[in-house]
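Have a look at the structure below, then the notes.
The values are calculated or read from the model by the stated rules, or taken from the named source; none is laboratory data. Please read all numbers here as calculations on a predicted model, not as lab measurements. As a convention, Cβ positions derive from the backbone with ideal geometry for all residues, glycine included, and neighbour counts pool all protein chains shown. Each accessible area value is taken on the protein alone, full model and side chains, heavy atoms only, with ligands, DNA and RNA left out. Shrake-Rupley method; radii C 1.70, N 1.55, O 1.52, S 1.80 Å.
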Amino acid sequence: MRLDRYLAQSGERTRSEAARLLRSGAVRVNGEPVRDGGFHLKPDDRVELMGQAVEEKRYQYLMLHKPAGLLTAARDSRAPTVMQLLPESCARRKVLPVGRLDKDTTGLLLFTNDGELAHRLLSPKRHVWKTYEATVTGRLTAADEEAFARGITLSDFTALPARMEILSAGEDESRARVQVREGKFHQIKRMFGALGHEVTALSRLTFGALRLPAELPPGQYRELTEEELSALREEAGLTESERNEDA
Ligand code: URA
């Protein structure tokens, strides 16, 4: 791999930032200063930036606390997307959302360029649990909870049995925690809609083994911890030998 590409991929920097670092003489390969971005690295070459070893990170795993108002899309010509909250290098490296949240939905959104993991987490066969908190119009009742548990029939499919727990119930507005194993378009809104309740606010709290940390404010992201990543991989049924270990 070219040295400038390696430097760009290993950190959150563009090729031109990498070129600037190279020109400044801050980069050494096997102890020797190298200023040429076109320098070809061999597998065992040791790259240092200002005396610190640089490791290539091929796969990235990020969680974002999505705020309302952004589209979940890699790009859109008319509307702002979640990508604008992540470093510019993410789009270039195809670190993309795993699944989607509606524009007005907030909460936990996973991003990765590990296609195998993303594919498995989204696979309808795998039924990864997701938890949401919803505010809805009208009074939720035990009959609504039972309807979720049975599986609500929509115009084009019957949802798998889900869990709905009422957090508060008022005449005009109620709040509930919902757990579903599917991720169909507008699924939560449609399930409540079928029972006569309009969702006025929706936030995702968990995605499989991942939980939105209380200390991650809307609009902020962070890398997954090792523990979070191994729990997700386990959930995705990735055996040791199948895992992309060079994260
Ligand atoms: N269900 C919905 O209706 N919307 C979302 O954004 C996620 C789940």
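Remark: residue 128 matches the filter, which requires a residue to be in contact with a Gly (Cβ under 8 Å, 6 or more places away or on another chain) and either within 22 Å of residue 107 (Cα to Cα) or surrounded by 12 or more Cβ atoms within 10 Å (Cβ to Cβ) (or both).
In the set (1) over 30 Å from residue 97 (Cβ atoms); (2) open to solvent by 30 Å² or more (accessible area, probe 1.4 Å); (3) touching a helix residue (DSSP H, G or I) at 6+ places or on another chain (Cβ under 8 Å), residue 17 fails one condition alone, (1). Per the listing 49, 22, 85, the residue uniquely modelled with pLDDT of 90 or more and within 30 Å of residue 183 (Cα to Cα) is 85. Residues in the range 75-90 that are among the polar types (S, T, N, Q) and either in a loop (DSSP other than H, G, I, E, B) or surrounded by 21 or more Cβ atoms within 10 Å (Cβ to Cβ) (or both): 77 only. In the range 91-104, the count of residues that are more than 16 Å from the ligand (Cβ to nearest atom) and open to solvent by less than 20 Å² (accessible area, probe 1.4 Å) is one or more.
Evaluate the following for residue 106: is it among the hydroxyl-bearing types (Ser, Thr, Tyr), under 22 Å from residue 190 (Cβ atoms) and in contact with a helix residue (DSSP H, G or I) (Cβ under 9 Å, 6 or more places away or on another chain)? Here the answer is no, as residue 106 does not meet what is asked. Taking the listed residues 77, 16, the one that is over 25 Å from residue 117 (Cα atoms), at pLDDT 90 or above and among the polar types (S, T, N, Q) is 77, with no other qualifying.
Condition check: in contact (Cβ under 8 Å) with a residue 60 or more places away in the chain and surrounded by fewer than 22 Cβ atoms within 10 Å (Cβ to Cβ). Does residue 141 satisfy that? The answer is no for residue 141. If you go through the range 1-31 and keep only what is among the charged types (D, E, K, R), without any contact (Cβ under 8 Å) to a residue 12 or more places away in the chain and over 15 Å from residue 92 (Cβ atoms), you end up with just 20. Here residue 86 passes the criteria (1) more than 16 Å from the ligand (Cβ to nearest atom); (2) touching a helix residue (DSSP H, G or I) at 6+ places or on another chain (Cβ under 7 Å) except the one numbered (2).
For the subset of the range 169-185 comprising residues that are under 20 Å from residue 128 (Cα atoms), open to solvent by 30 Å² or more (accessible area, probe 1.4 Å) and in contact (Cβ under 8 Å) with a residue 40 or more places away in the chain, which member is nearest to the ligand (Cβ to nearest atom)? Filtering first and then ranking leaves 183. The set of residues from the range 91-104 being part of a loop (DSSP other than H, G, I, E, B) and farther than 23 Å from residue 231 by Cα comprises 93, 102, 103, 104. Within the range 116-145, the residues that satisfy the criterion of being at pLDDT 95 or above and small (Gly, Ala, Ser) are 118, 134, 138, 142, 143.
If the condition is being more than 16 Å from the ligand (Cβ to nearest atom) and part of a loop (DSSP other than H, G, I, E, B), then the range 105-139 contributes 113, 114, 123, 125, 126, 138, 139.
Pairing residues of the range 186-201 that are over 11 Å from residue 137 (Cβ atoms) with residues that are within 11 Å of the ligand (Cβ to nearest atom) and part of a helix (DSSP H, G or I), at Cβ distances under 9 Å and at least 6 apart in sequence or on separate chains, gives 186/193. Of everything in the range 186-211 that is within 12 Å of the ligand (Cβ to nearest atom) and among the charged types (D, E, K, R), the residue that is most open to solvent (accessible area, probe 1.4 Å) is 198. Look at the range 146-179 and say how many of its residues are at pLDDT below 95 and at positive phi. Within the range 146-179, residues that are at pLDDT below 95 and at positive phi number 0.
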